[in-house]
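These notes concern the structure reproduced below.
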Number of protein chains: 2
Amino acid sequence: MRGYSTIFQRVSRAFHDNPSLSKLLVVVTVSGGGLVACAEANQVNSQQITNLSSEVDLVSKKKKVVVLGTGWAGTSFLRNLKNPSYEVQVVSPRNYFAFTPLLPSVTCGTVEARSIVEPIRNIVRKKSVGVQFFEAECIKIDAQNKKVYCRSNQENNLNGKEEFVVDYDFLVIAMGANVNTFNTPGVVENCHFLKEVEDAQKIRRTVIDCFERASLPTVSDEEKKRILHFAVVGGGPTGVEFAAELHDFVNEDLIKLYPGVKDIVKITLLEAGDHILNMFDKRITAFAEGKFHREGIDVKTGSMVVKVSEKEITTKEMKTGEISSIPYGMALWSTGIGTRPVVKDFMRQIGQANRRALATDEWLRVEGCDNVYALGDCATINQRKVMEDISAIFTKADKDNSGTLTVKEFQEVIADICERYPQVELYLKNKQMGDIIDLLREAKGDVAKESIELNIEEFKSALSQVDSQMKNLPATAQVASQQGVYLAKCFNRMEECEKNPEGPLRFRGSGRHRFRPFRYKHFGQFAPLGGEQTAAQLPGDWVSIGQSSQWLWYSVYASKQVSWRNRALVVSDWTRRFIFGRDSSRI
Amino acid sequence: MRGYSTIFQRVSRAFHDNPSLSKLLVVVTVSGGGLVACAEANQVNSQQITNLSSEVDLVSKKKKVVVLGTGWAGTSFLRNLKNPSYEVQVVSPRNYFAFTPLLPSVTCGTVEARSIVEPIRNIVRKKSVGVQFFEAECIKIDAQNKKVYCRSNQENNLNGKEEFVVDYDFLVIAMGANVNTFNTPGVVENCHFLKEVEDAQKIRRTVIDCFERASLPTVSDEEKKRILHFAVVGGGPTGVEFAAELHDFVNEDLIKLYPGVKDIVKITLLEAGDHILNMFDKRITAFAEGKFHREGIDVKTGSMVVKVSEKEITTKEMKTGEISSIPYGMALWSTGIGTRPVVKDFMRQIGQANRRALATDEWLRVEGCDNVYALGDCATINQRKVMEDISAIFTKADKDNSGTLTVKEFQEVIADICERYPQVELYLKNKQMGDIIDLLREAKGDVAKESIELNIEEFKSALSQVDSQMKNLPATAQVASQQGVYLAKCFNRMEECEKNPEGPLRFRGSGRHRFRPFRYKHFGQFAPLGGEQTAAQLPGDWVSIGQSSQWLWYSVYASKQVSWRNRALVVSDWTRRFIFGRDSSRI
């Protein structure tokens, strides 16, 4: 109740002596925040905070979980961890969680940076689990000795950078990824990225810089043209959304304030592939390209950037091999993700040097070391192939050791196979088969279901195609968030499931897996295209483009915020933009 | 009407296809922004923007006014300039106006930085006067050749820093002041200042840095104590308000998130004088000192800072001369204002090298050069002494050249004297005299009013004390803003008043002054003391301390914002803080 009474005191303290001053109170009440704040505050249990220190004595009995990173994966893990038998330490260079899908909106001030961040301490203080946070960067993982080396990231008069070591029983790596420049020369020096909140703030300042600079009296027309040429490299959702946001910012707000430069501004979107948004449905791609074309955003597909100098971007036409240069004022590089150096170093230690991301099994455990988990953009699930385990599966299923598999025998393990190897189900779905028996029947020819019996070779041939359905999960917030929830649930029931394993049969061992493997559920994807138009690709290949999707986008993004504060701020930012436009002060 | 219809289009475009999506509309309506936005938008006349370029041909006929600075003085000048016969060019390193009295609130996130800034282009685009803005710093003023040298302040890949020259017919210097370190060693390197929006943002980050650093596992208790010691140098309104804000931030928000450091945080306010807030009434000073004492803010008066090193502040007791050192984590230096180098250089050129600020006459004209005006913190009005002009006044008043002044003769020039020398009126008020005749009567003894006749010596002795009432105006936003309004009004009626001068008699010349001299009207001053308590000193020595003043402060500061956008944002920030507290994300 203390949380509630604090809010109450705050409000009452101010109004106590001033019952007549009700003007501001109206704002408090009508914003809807009053109620939500109380609802929020009720969850706060301030005693939990003091628990942290009073339970120091118990620490030795508790398992130490160290979480690296406070992005989507790390935060959703922390938010869902409920088992108080862990002692959690979080190490991240950022003491907040950022709602990254709104970063493109921050670049142009549609949404303020502070509206999409929430202090990680605020997120975890409402928990029954003791959580300590250290604002530092992990510089080395030593899985052999179960240690993590960290370095404080502060650069001020406070005694330089501090280094320290954290021990763990379980390590959760959720450090995300950095930008992939494909070693293109000049990119790091001259391009902007859009991975962090600071990046978005810097882009915002640079856009205004370009406009201010173009307005100086001594700048030639040609130079003006260069300065106001904004190049976006990479036609994925980030690049496209930034181009759209920038176009709106320029046409809705900036042209009023910089009338002289109206016709000079140019936005170019460079994409090496044949189309922008190529992970989306073709209808969306076509709509986006058409819309950008009408609006004067120059979409150059099949054009690969090979070099970026201070003032020019050099591209190579994929078809003709022709090299050309375009002068630019500001460039955003958003072509995909790369591996962070510390993760790369760790991968070398555990023999994964040649991979792009940390390989984990379906339970998100890093392959090649114990008690280390990896999730989010820094990891990929190395899904097990059916064909690798086919003999083990056959042996396990063939209970009477007859050398052949009857339908009855097979039916007993079907559920486990489908759970362990999700590609089987996917294959059936794509082949529009209702039942896995259909697969066997296909191999055996059209015989009666009951009389099917397969030997090992026939079984192999029946399942030979299923592994083709295996796909890596995309590096999205949605995947990372679901992985965090999944892993937290596993941790919550670790002891319980140790005794009563709930996972599928171990085909290559005995008994059952402790947990069900991670399964990703795709809820769809948005591509905001500017001008209150959004493309949405929802499950079941359902595509929606236009204003209704924009409103769906508003609702989904508002509802997905991690706190009521974020929700209120984001919605009020959108409202503010509707009424007053975007701010162009260079701060 | 275009402005209005744009807003309407914006809203309608979004709602057009979605009549059912009324949820967000509610927010728009209830925030009160809807109506205010329309009111605002009605003033917008988009045709004025295009005027700017179409009138280039007329430029040669127009007088060029160059304004340096976009602070209180410059902005209020620009906002009030209405005469379209000027062509205005504004040069400032900041493309926005900042509502500086709220800067201390920005340091702790009570108000967001962006809520208190408004782009200067947005402020001037609503005007009938053609205004060009250049984001650059003035690096040299050449009053001889009527030129201003400027340098673009951008540091990015855009071709380095650009320099250019602007010609003027009238120059308005409103560049403000910088921080006065009194040449104390180590201040520039180690202390924070609070003059600009960037300063406030940096302080906010540093406060969080200190808390994060103190939470690292390897930091010793002693080091923790140092890091969480916040020192404020200077007991003026800024220092006091920052200390109060910081105290609230720590006790209302941070202790919930950093429970381990609660009892270690310490705030010290160092003041060389005997009391903090010494420009305020003694009752306010006493209340503030008492409140800070109760709250554990250590107020050290009579303690002058003589050196600041990376980790220690060295102070000297004013009474005993004792030198001591205190370790600190963050220090704010707010002891007063100094002269900007470019202003100093200009003062050397015009023979004002030994002054603290540019000396102007009562019409804000810089002494020693033509057509140059200075206002705000970079200038002081060098008020004319009655005793300097006493003979001229006598001669002018003695119309019949009799060598003596009768009451009748004197009465004819009283109004002009009072207008030209405001200290006369102030002196009468302080002496509680109803009439200037009383002053003469005092000199002459108690004789009948009609029979008073004074010779020059008697006249001198009667007025000998009035100049003691002369005071420099304080370096506040209020003064700067009133000066801006005054000067704009002068510019608006320049031609008109050239023909029909409306100022007082020229006692040392012939005719009348064109304009009435600038008169400052003091509307009172606030000192927010934290915990919803504010001290207010209003005209007539009316003092109010407590919550009612806090609400007065809220109303005044909300109403004084330069745009409806600012007003809406500041009020919503206050509301947000009431409901959700302040954000502690380090961005």
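Worth pointing out:
- Secondary-structure-derived ellipticity at 222 nm for the protein assembly as shown, considering helices only, amounts to -11500 deg cm²/dmol, per-run term -39500 (n - 2.57) for DSSP H runs with n ≥ 4.
- Here chain A is treated with +1 on each Lys and Arg Cβ and -1 on each Asp and Glu Cβ, and its dipole about the Cα centre works out to around 1320 debye.
- Ordering A:Ala397, A:Ile452, A:Leu428 by the projection of their Cα atoms onto the charge dipole of the stretch A:390-469, which places +1 on the Cβ of Lys and Arg and -1 on the Cβ of Asp and Glu, puts A:Leu428 at the extreme positive end.
- Leading residue at positive end of dipole, the protein assembly as shown (Cβ point charges), from A:Thr339, B:Gly239, B:Gly351: B:Gly239
- Given +1 at the Cβ of Lys and Arg, -1 at the Cβ of Asp and Glu and no other charges, the dipole of the stretch B:268-392 around its Cα centre is 140 debye to the nearest 20.
- Whole-number percent relative contact order across the stretch B:194-275, with pairs defined as alpha carbons under 8 Å at least 6 apart: 37
- Peptide B:112-118, shielding by other chains (average Cβ, 10 Å cutoff): 4
- 5 angstrom amide H check on A:Gly236, placed H, neighbours 5+ away: A:Leu277
- Cα-based helix-to-principal-axis angle, B:564-580 vs chain B, degrees rounded to 10: 40
- Taking every DSSP bridge with both residues inside the protein assembly as shown, close to 55 percent are antiparallel.
- Electrostatic dipole magnitude of the protein assembly as shown [Cβ: Lys, Arg +1; Asp, Glu -1; Cα centre; debye, to 20]: 760
- The accessible area of B:Trp542, taken with all protein chains in place and a 1.4 Å probe, comes to roughly 150 Å².
- Residues whose placed amide H lies under 5 Å from that of A:Arg512, excluding near-sequence neighbours: A:Arg506
- Taking amide hydrogens as placed 1.01 Å from N in the peptide plane, the amide H of A:Tyr373 sits under 5 Å from those of A:Leu171, A:Val172, A:Ile173, A:Val366, each at least 5 positions away in sequence or on another chain.
- Relative contact order of chain B, pairs being alpha-carbon contacts under 8 Å that are 6 or more residues apart, as %: 16
- With respect to chain A, whose longest principal axis is taken over its alpha-carbon atoms, helix A:197-214 is tilted by about 30°.
- Placing a label point 7 Å from Cα along the Cα-to-Cβ direction at B:Ser548 gives distances to the equivalent points in the other copies of 5.8 nm, listed shortest first.
- For chain A, the antiparallel share of DSSP beta bridges with both residues in that region comes to about 55%.
- Three-way shape call for chain A based on the alpha-carbon gyration tensor, with the a/c threshold at 1.5: oblate
- Reduced Cα scattering model of the stretch B:390-469, Debye log10 I(q)/I(0), q = 0.13, 0.15 Å⁻¹: -0.34, -0.46
- Buried accessible surface for the A/B pair, both sides summed and rounded to the nearest 100, is 8700 Å² with a 1.4 Å probe.
- Applying the Karplus relation 6.51 cos²θ - 1.76 cosθ + 1.60 with θ = phi - 60° to the stretch A:62-72 yields 3J(HN,Hα) values of 8, 7, 8, 9, 10, 10, 9, x, 10, x, 4 Hz, where x marks Gly and Pro.
- For the segment A:195-203, counting C-beta atoms of other chains within 10 Å of every residue's C-beta and taking the mean gives 1.
- Per-copy distances of the A:Ser325 label point, shortest first, in nm (7 angstrom along Cα→Cβ): 5.6
- Other copies of A:Arg283: label-to-label distances in nm, shortest first, labels 7 Å along the beta-carbon direction: 7.4
- The HN-Hα couplings worked out from phi for the stretch B:229-237 by the Karplus form 6.51 cos²θ - 1.76 cosθ + 1.60 (θ = phi - 60°) are 9, 9, 9, 10, 9, x, x, x, x Hz, whole numbers, x standing for Gly and Pro.
- Integer Hz, Karplus 6.51/-1.76/1.60 couplings in order for the stretch A:472-481, x for Gly and Pro: 6, 6, x, 7, 10, 4, 4, 5, 4, 5
The values are calculated or read from the model by the stated rules, or taken from the named source; none is laboratory data. Every value quoted in this text rests on a predicted model; they were computed, and no experiment measured them. Note that we place each Cβ from the backbone using ideal geometry, even for glycine, and neighbour counts take in every protein chain shown. Surface areas here come from the heavy atoms of the whole protein model, side chains and all, with no ligands, DNA or RNA. Shrake-Rupley method; radii C 1.70, N 1.55, O 1.52, S 1.80 Å.
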